[in-house]
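Colleague: Next up is a structure, given as structure tokens.
The values are calculated or read from the model by the stated rules, or taken from the named source; none is laboratory data. Quantities reported herein were computed from a predicted structural model and do not represent experimental measurements. Note that each Cβ is placed from the backbone with ideal geometry, even for glycine, and that neighbours are counted across all protein chains shown.
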Amino acid sequence: MFLSYSHSDEANRYSSEAQNDEQRKHVCHPTSAKGQVVAQVCRKLGITEQTYCRWRKEYGGMKVEQAKRLKLELENGRLKQLVANLTLDKEIFKEAGSQNF
């Protein structure tokens, strides 16, 4: 597999918001890139080769539904952690406010 990076690929880069499940679907399915050089697939998807390799490592071999579920589970865990931190902060402020100085 031939990997190369040129500055012209940088112009084709999508913002993180635009890198959607449709693009990841192509990375999940090994047949979608069959016979193509990684650079060609990246150019077609509008992503960098680094992003392609990261997605391939993270989502490779998964079905699209599995990749979506993984993404949702990771986001759910992150949100649960945020709620726990905010609840702890609230309790600390409540305790600090109830003390008489």
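Colleague: Identify the single condition in (1) in contact with a Leu (Cβ under 9 Å, 6 or more places away or on another chain); (2) of a type in the set (Gly, Ala, Ser); (3) assigned to a loop (DSSP other than H, G, I, E, B) that Gly61 does not satisfy, given that it satisfies every other one.
Modeller: (1)
Colleague: Given the criterion surrounded by fewer than 10 Cβ atoms within 10 Å (Cβ to Cβ), of a type in the set (D, E, K, R) and modelled with pLDDT of 80 or more, identify the matching residue among Glu73, Glu95.
Modeller: Numbers: Glu73 fails: surrounded by fewer than 10 Cβ atoms within 10 Å (Cβ to Cβ).
Residue meeting the stated conditions: Glu95.
Colleague: Of the residues Ser8, Ser15, which is modelled with pLDDT under 65 and part of a helix (DSSP H, G or I)? Quick ask: steps written out before the conclusion?
Modeller: Numbers: Ser15 fails: part of a helix (DSSP H, G or I).
After ruling out the rest, the residue left standing is Ser8.
Colleague: List, please: which pairs have Cβ atoms under 9 Å, are six or more places apart or on different chains, and start with a residue in region 34-58 that is modelled with pLDDT under 85 and of a type in the set (Val, Ile, Thr) and end with one that is surrounded by fewer than 17 Cβ atoms within 10 Å (Cβ to Cβ) and outside any helix (DSSP H, G or I)?
Modeller: Here the result reads Val37/Met1; Val37/Phe2; Val37/Leu3; Val37/Ser4; Val38/Met1; Val38/Phe2; Val38/Leu3; Val38/Ser4, each pair linking region 34-58 to a residue that is surrounded by fewer than 17 Cβ atoms within 10 Å (Cβ to Cβ) and outside any helix (DSSP H, G or I).
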